[in-house]
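Reviewing the structure listed below.
Taken together, the values in this text are just the output of simple stated rules run on the coordinates, not laboratory data. None of these values were measured; they are calculated from a predicted model. Cβ placement follows ideal geometry from the backbone for every residue including glycine, while neighbour counts extend to all protein chains displayed.
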Amino acid sequence: MTDNVSTHQAEDDARNESILIWVNGVLKPKAEALVSVYDSGFMLGDGVWEGIRLYNGRWTFLDEHMDRLFEAAKAIDLEIGMTAEQLIAAVHETQAANQMTTDAHARLMVTRGVKTRPFQHPKLSQRGPTVVIIMEHSRQKLPRPIRLATVPHLRGLPMTQDPKLNSHSKLNCILACIAAEKAGADEALMLDVHGFVNTTNACNFFIVKKGQVWTSTGDYCMNGITRAKVIDLCRANVIPVFERNFSLVDTYSADEAFLTGTFGAQTPVGMIDGRVIGTGQMGPMTERIRGLYKALVGG
């Protein structure tokens, strides 16, 4: 199909051609914001990252994102070389330099740095870390609900590559997305190691059945901050919500389905594996949760 869309599809914004990008403490024009071909992130996907979103002058849930970044860095034994406060200051510096006030998205990336030789061992990364903040004007542009296709690629066990880790090594998810697009869908619905519905290649996944909101147990997926906020909002507003195992049979008969993520907040799903979900449009529960979330972030 030629009309594929993405949960990260955004309006064109000419201002993004002249953005300044923070690279190791220096703000650089887009064309000059470069890293070495010996960088461990480029060479091996050795690094961690966070995506954060600016709503009405405020970086949403910034402290939670920083906590997760530092937890991930510790997990892969990467010394960031900056405190959370210093990284937050760098985010604000980049925001001010780009004169951004709302509807902006930042990708904060940390790699192990530049290697002395093009091989795997982490001790070869002797100039590092590399820290980059890419900040763009960004407003979601979604012409219709997302179409998903179930793919054979799994979010695996923690002893392979823990799916809770927000690492630069995204090839598994990229291959899942490619498989979904070749099946005529927009993005991939991925199962866990037991065959239960888990997540998509880019976002967390929810269904609505008879007034209840279901999502996966969270054992085999990125425990997204937006995912957690949706669960909290449901509990605070007496909406039954469950983190549980459920199958594709449960999913196909859902009244609604939606995705959560920092960029898109809550994105409606209209079709899965050729089956129309509900009416194929955004359902009333998804719309209600979107309203509660917008109020939470001041949007």
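Grab the other residues whose beta carbon is less than 10 angstrom from that of residue 113, score K and R as +1, D and E as -1, and report the net.
It works out to a net charge of 0.
Only Cα pairs under 8 Å and at least 6 apart count here; give the relative contact order of the chain as a rounded whole percent.
So the answer I get is 19 percent.
Note the listed values (1) 50, 46, 37; (2) 55, 40, 39; (3) 51, 44, 42, then indicate which one is Cα extents along the principal axes in Å calculated from this particular structure.
This structure yields the entry labelled (2).
Helix 171-182 sits at what angle to the longest principal axis of the chain, using alpha carbons and giving 0 to 90 degrees rounded to 10?
The helix 171-182 is inclined about 50 degrees to the chain.
Mind putting a number on the dipole of the chain about its Cα centre? Charges go on the C-beta only, +1 for Lys and Arg and -1 for Asp and Glu, and I need it in Debye to the nearest 20.
120
What does the C-alpha gyration tensor say about the overall shape of region 177-299? Classify as rounded when a/c is under 1.5, otherwise prolate if a/b is larger than b/c, or oblate.
rounded
For region 16-82, which GluC sites (Glu not before Pro) are in a loop by DSSP, counting at most 13 other Cβ atoms within 10 Å?
Passing both the DSSP loop test and the Cβ count: 79.
Go through 18, 269, 193 and say which Cα lies farthest out towards the positive end of the charge dipole of the chain; charges sit on Cβ, +1 for Lys and Arg, -1 for Asp and Glu.
In the chain, that residue is 193.
Using a cut-off of 11 Å between beta-carbons, work out the net charge of the residues near residue 75 (Lys and Arg +1, Asp and Glu -1, residue 75 not included).
0
Excluding residue 183 itself, what net charge comes from residues whose Cβ is under 14 Å from its Cβ, given Lys and Arg +1 and Asp and Glu -1?
-1
In terms of modelled amide H atoms, which long-range or inter-chain residues lie less than 5 Å from the amide H of residue 47?
Under 5 Å from the amide H of residue 47: 168, 169.
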